[in-house]
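This report refers to the structure that appears directly beneath it.
Derivation of every value follows stated rules applied to the coordinates shown; laboratory data play no part. Here the structure is a predicted model, which means the values were calculated and not measured. Cβ coordinates were reconstructed from backbone atoms using ideal geometry, including for glycine residues, and neighbour counts include every protein chain displayed.
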Amino acid sequence: MKRLISVCVGLPREVSWKGKRVTTGIFKQPVNERVMLRSLNLEGDQQADLTVHGGAEKAVYAYSMEHYAYWRQQLPDEDFPWGAFGENLTIEELLETEVNIGDRFRIGTAEVMVTQPRFPCFKLNLKFGRDDMVKRFLNSRLSGIYFSVVQEGEVGVGDAIELVSRDENNVTVADIVQIYVREADDNLVRRAVKVPALAGSLRTYFLSQIEPERSL
């Protein structure tokens, strides 16, 4: 059964990275109580740089518990508690290769919609204290899933993740990663940009890949 394994929140904090002070909200901690999922984030959670994090299309970030086995094998000396990747929700049996952009799910009393994968910034390197973590993350193709919030509500550990509706365009989260790293054909790109739920910034970026003549 698809279910919620952990709920993690965190407020921005200032840390040192490469001799500079950086403010980041990537450090999340699991909570036991039920939490309200609002239109822009979970209660008790905030993003530091709203120009690249958060917003309606990236209100809540989910990462599959199944991916943790891969990372523990790749980096056996690292500690990987739930929330290690800065996710708000650690989820079970909801994989990027099976979930479509635009799919809607009910979690607790909230309803969410899939909008895009995660493409991390340098703060993932900061989180793990490694210069290669962003590259490793992208190469793994284990991107996690960003949701927008269709209906606010309470979520908590153990909640079922129930499919409400399936997007008929059949463009998966994994497909979007393939397009982003330029390993997809133009037909897939054209299908992807037609998906209404796809994050606007990605649609603009993908259109520039297949229609460069517009800039001439």
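Take the residues in the stretch 194-214 that are more than 19 Å from the chain's Cα centre (by Cα) and in a loop (DSSP other than H, G, I, E, B); name whichever of them is farthest from residue 57 (Cα to Cα).
Taking the candidates together, the pick is 211.
Would you pick out the residues in the stretch 141-173 that are on the phi < 0 side of the Ramachandran plot and in a loop (DSSP other than H, G, I, E, B)?
If the condition is that a residue be on the phi < 0 side of the Ramachandran plot and in a loop (DSSP other than H, G, I, E, B), then 142, 143, 152, 156, 157, 159, 166, 167, 168, 169, 171 are the ones that fit.
Only one of (1) without any contact (Cβ under 8 Å) to a residue 60 or more places away in the chain; (2) assigned to a strand (DSSP E or B); (3) surrounded by 20 or more Cβ atoms within 10 Å (Cβ to Cβ) is not met by residue 45, so which one is it?
Among (1) without any contact (Cβ under 8 Å) to a residue 60 or more places away in the chain; (2) assigned to a strand (DSSP E or B); (3) surrounded by 20 or more Cβ atoms within 10 Å (Cβ to Cβ), residue 45 violates only (2).
If a residue has to be in a helix (DSSP H, G or I) and under 14 Å from the mean Cα position of the chain (by Cα) to count, how many in the stretch 110-130 make the cut?
1
Out of all the residues in the stretch 174-193, is one or more over 15 Å from the mean Cα position of the chain (by Cα), small (Gly, Ala, Ser) and assigned to a strand (DSSP E or B)?
Taking every residue of the stretch 174-193 in turn, none turns out to be over 15 Å from the mean Cα position of the chain (by Cα), small (Gly, Ala, Ser) and assigned to a strand (DSSP E or B).
Those residues that are in contact (Cβ under 8 Å) with a residue 24 or more places away in the chain, surrounded by 13 or more Cβ atoms within 10 Å (Cβ to Cβ) and among the β-branched types (Val, Ile, Thr), I need them from the stretch 157-204; list them, please.
157, 161, 164, 171, 172, 173, 176, 177, 179, 195
Being part of a loop (DSSP other than H, G, I, E, B), in contact (Cβ under 8 Å) with a residue 24 or more places away in the chain, surrounded by 15 or more Cβ atoms within 10 Å (Cβ to Cβ) and of a type outside the set (Ser, Thr, Tyr), is that true of even one residue in the stretch 131-140?
Within the stretch 131-140, none of the residues are part of a loop (DSSP other than H, G, I, E, B), in contact (Cβ under 8 Å) with a residue 24 or more places away in the chain, surrounded by 15 or more Cβ atoms within 10 Å (Cβ to Cβ) and of a type outside the set (Ser, Thr, Tyr).
Tell me whether the stretch 79-90 contains one or more residues that are outside any loop (DSSP other than H, G, I, E, B), without any contact (Cβ under 8 Å) to a residue 40 or more places away in the chain and surrounded by 14 or more Cβ atoms within 10 Å (Cβ to Cβ).
Checking the stretch 79-90: not a single residue is outside any loop (DSSP other than H, G, I, E, B), without any contact (Cβ under 8 Å) to a residue 40 or more places away in the chain and surrounded by 14 or more Cβ atoms within 10 Å (Cβ to Cβ).
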